[in-house]
Amino acid sequence: MYSPQRRDFISVTLGNQAGRTYDNSKTWRRQSCWRKWKQLSRLQRSLIAFLFVFMVVCGVAAYPNLSERWQVVSYHNGELKQAEPAAEPGVAKLLPKAPPVSQPQKPRRSNLNKRGPPFLQKRLSKKENADEPKINKEENEVEVIPNEKEEEKDNVISWRGMKIEPEQVNPALPDTQKKEPVTNEAVKEPAGLNERQMAVIEAFQHAWKGYKQYAWGHDELKPISKTYSEWFGLGLTLVDALDTMWILGQQEEFEEAKKWVLTDLNLGKNVDVNLFETTIRILGGLLSIYNLTGDQVFLDKASELGNRLMPAFDTPSKIPYSDVNIGRGTAHPPRWTSDSTVAEVTSIQLEFRELSRLTKEEKYQAAVNEVMKHIHKLGGKMDGLVPMFINTNSGQFSHLGVYTLGARADSYYEYLLKQWIQGGKKESDLLDDYLQAIEGVKKNLIRKSEPKKLTFVGEMSHNQFSPKMDHLVCFLPGTLALGAHHGLNADHMELAKELMETCYQMYAQIETGLSPEIVHFNLNPHNTKDIEVKPADRHNLLRPETVESLFYMYRFTRDKTYQDWGWQILQNFNKYTRVKTGGYTSINNVRKSENPEPRDKMESFFLGETLKYLFLLFSDDFNLISLDKYIFNTEAHIFPIWTT
Ligand code: DMJ
């Protein structure tokens, strides 16, 4: 029989079990659990609480890895290229925003701060995977981190149209502690590329990674402070590196950089630029890449820049001013003098002459030829050697009496020979001046050191010989060898070999295996060391001259010793100047291998010249930029030898 009291009892008891709603069931469960919890001993309760907290902590720690793994899977499947929730809505919601189609790479935390548009970042994360020597906290030691599996499988087309597998352009970096080349079994030997060339490519990629991440579109990378420095504000490193990327087969990087040139290189900005530096690096870089690619974009830019630099020649003597405001179209000498540097006004000729040939506008060539004609006739030389300064008003040499093959005069000699070659060996004044100058070097500046009898080029100051030699002078073995190759005196080649050995010793005899900026040779037979380095000269700026000459020497002699010397130098750059987070840095003290004191600057010529010459040095393909068809300007940009 129905009893309301009993029904109430039943309804409370049974109703909560059988006919309960979702809310009611939760309440019931809570009450039941609570009751059970209360029945446990204090020890049991503590144990369960501890286990619960432990599991929560583990779960939180594991979450990012899980989400990252999901993300990689989704990229590899190619299903979620644009974070398309339609493909797998549940998973897509868990993922961070997916990268665009052109970036099929697992995003890494270190990629988050990258500068530049996202498509620029594709290569960066890939390179971070490689086994690579890393400079430690003190930025001067190497630590190797484990290799992760390559995830990306796209191809790169080299400039010769050769298809290169990703592993081939991104090898694990060799262990720089070892003297011998490192063989990486995982890296297939591609046709035409050897492991030393691949090590150069890897070095380039590491340098470029830093530049892209911290200095994109700016002049120079400061790799330690992870920022940039501006000199002219013209993307100096980027433009300087264009033809290197092309030669090294860095197609993707090249396309990204080209896009920057197209859209962001503003040559009309109100800025004072140095005529020489802008000509050799930017005008030279643009002309070179135009010659390699035939892409009109680069010639248009080169011709715009050429026009903007022309006001420099508007001087009383027609010897150009050192500085030009490319936006305003005005030019001026430095504030403290009306002099220009001799090397600067005589090392812009290859570029302006080539610009005339390509644009068929005579004015560029006319301006620079005028300078050479003037200097050809000028008094004040010593056996063909020129002083370091020339006055833009009078057109006369100034500060007479100091003669060097180093800073402020160096590339005058280099360009005499190279203009003669560029023009098809017809301009005899250039050849005469070159030959006379080399005789002047032999007569006045060449000596042998003690005790090892290293042949070196010193300086003359007011008839006093100084056994000082800049690293810059190490362009000379290469230039002498080039002249000999083009038919000049065979004894130039002998001198080239001796000087090459000396330039190598400027590295080999130093604690870090890297040359200082300047050395002094010992002439005293009682001293035991050939090379002395003054405290102010101990820096290394990642300069190219020695590896440049090694390249010429190898091409002309096929003596593999030159390749081995270059390999040692590359390894020492990796050991002492490579910055873990990307880029290479100039250093303050090449004698201090325990801490070479990074300077926090990667000069544009490290990419434009040093790595390019190393790559070419290691190549056994002598048709790769044949020296019978091309010449290099003083920034390693490539111009054809004229055939008509
Ligand atoms: C470069 O800009 C050029 O090689 C120039 O001729 C000399 N200085 C640097 C490299 O050392």
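The values are calculated or read from the model by the stated rules, or taken from the named source; none is laboratory data. If you're wondering where the values come from, they're calculated on a predicted model, not measured in any experiment. Positions of Cβ are generated from backbone atoms using ideal geometry, with glycine treated the same way; all protein chains shown enter the neighbour counts. Accessible surface is based on the protein model in full, side chains and every heavy atom, while ligands, DNA and RNA are left aside. Shrake-Rupley method; radii C 1.70, N 1.55, O 1.52, S 1.80 Å.
Quick notes
- Applying the condition of being over 18 Å from G210 (Cα atoms) and buried (at least 22 other Cβ atoms within 10 Å of the Cβ) to region 590-607 and asking which residue is nearest to the ligand (Cβ to nearest atom) yields V590.
- Scope region 373-386; condition out of contact with any Ser or Thr (no Cβ under 7 Å at 6 or more places or on another chain), touching a residue at least 24 places away in the same chain (Cβ under 8 Å) and open to solvent by less than 40 Å² (accessible area, probe 1.4 Å); matching residues: M382, G384, L385, V386
- Matching residues in region 230-253 - criterion: being assigned to a helix (DSSP H, G or I) and within 16 Å of the ligand (Cβ to nearest atom): L236, T237, L238, V239, D240, L242, D243, T244
- R538 vs. criteria under 25 Å from L616 (Cα atoms) and open to solvent by 20 Å² or more (accessible area, probe 1.4 Å): no
- Considered as a group, the residues in region 541-565 that are within 16 Å of the ligand (Cβ to nearest atom) and farther than 14 Å from C503 by Cα include one that is most open to solvent (accessible area, probe 1.4 Å), and that residue is L541.
- Condition met for G487 (of a type in the set (G, A, S) and not in a helix (DSSP H, G or I)): yes
- Selection of region 618-644 for residues being under 25 Å from A207 (Cα atoms), within 16 Å of the ligand (Cβ to nearest atom) and among the aliphatic types (A, V, I, L, M) yields A636, I638.
- For region 209-229, a residue qualifies if it is surrounded by fewer than 24 Cβ atoms within 10 Å (Cβ to Cβ), of a type outside the set (D, E, K, R) and assigned to a loop (DSSP other than H, G, I, E, B), and the qualifying residues are W216, G217, H218, I224, S225.
- Answer from K318, K301 - the residue that is more than 16 Å from the ligand (Cβ to nearest atom) and on the phi > 0 side of the Ramachandran plot: K318
- Checking each residue in region 505-527 for being out of contact with any Leu (no Cβ under 7 Å at 6 or more places or on another chain) and either surrounded by fewer than 20 Cβ atoms within 10 Å (Cβ to Cβ) or part of a helix (DSSP H, G or I) (or both) picks out M506, A508, Q509, E511, G513, H520, N522, L523, N524, P525, H526, N527.
- Any hit, region 465-483, residues being among the acidic types (D, E), closer than 23 Å to H399 by Cα and surrounded by 15 or more Cβ atoms within 10 Å (Cβ to Cβ): yes
- If you go through region 599-644 and keep only what is over 20 Å from Y290 (Cβ atoms) and basic (K, R), you end up with R599, K601.
- Selection from region 230-253 of residues that are surrounded by fewer than 24 Cβ atoms within 10 Å (Cβ to Cβ), within 18 Å of T585 (Cα to Cα) and of a type in the set (D, E, K, R): E230
- Count of region 368-389 residues which are within 20 Å of A407 (Cβ to Cβ) and assigned to a helix (DSSP H, G or I): 2
- Some residue of region 575-587 being under 19 Å from P223 (Cα atoms), within 13 Å of the ligand (Cβ to nearest atom) and open to solvent by 10 Å² or more (accessible area, probe 1.4 Å): no
- Qualifying residue in region 351-364 (condition: within 16 Å of the ligand (Cβ to nearest atom) and within 23 Å of P477 (Cβ to Cβ)): no
- Test set (1) within 16 Å of the ligand (Cβ to nearest atom); (2) within 22 Å of E277 (Cβ to Cβ) - V457 fails condition number: (2)
- Number of the exception - I569 against (1) buried (at least 21 other Cβ atoms within 10 Å of the Cβ); (2) more than 16 Å from the ligand (Cβ to nearest atom): (2)
- Considering A241, A312, A302, the condition of being under 21 Å from the mean Cα position of the chain (by Cα) and modelled with pLDDT of 95 or more is satisfied by A241 alone.
- Filter pass, T610 being over 24 Å from S411 (Cα atoms), within 16 Å of the ligand (Cβ to nearest atom), of a type in the set (S, T, N, Q) and open to solvent by less than 10 Å² (accessible area, probe 1.4 Å): no
- Answer residue from region 392-410, given it is within 20 Å of A312 (Cα to Cα) and over 35 Å from the mean Cα position of the chain (by Cα) and is surrounded by the most Cβ atoms within 10 Å (Cβ to Cβ) among those: F397
- Subset of region 303-341 [in contact (Cβ under 8 Å) with a residue 24 or more places away in the chain and of a type in the set (G, A, S)]: S303, G306, A312, S317, S322, G327, A331, S338, S340
- Flag if Y413 is within 16 Å of the ligand (Cβ to nearest atom) and buried (at least 17 other Cβ atoms within 10 Å of the Cβ): yes
- Scanning region 419-460 for residues that are assigned to a loop (DSSP other than H, G, I, E, B), touching an Asp or Glu at 6+ places or on another chain (Cβ under 8 Å) and open to solvent by 30 Å² or more (accessible area, probe 1.4 Å) returns E450, P451, K452.
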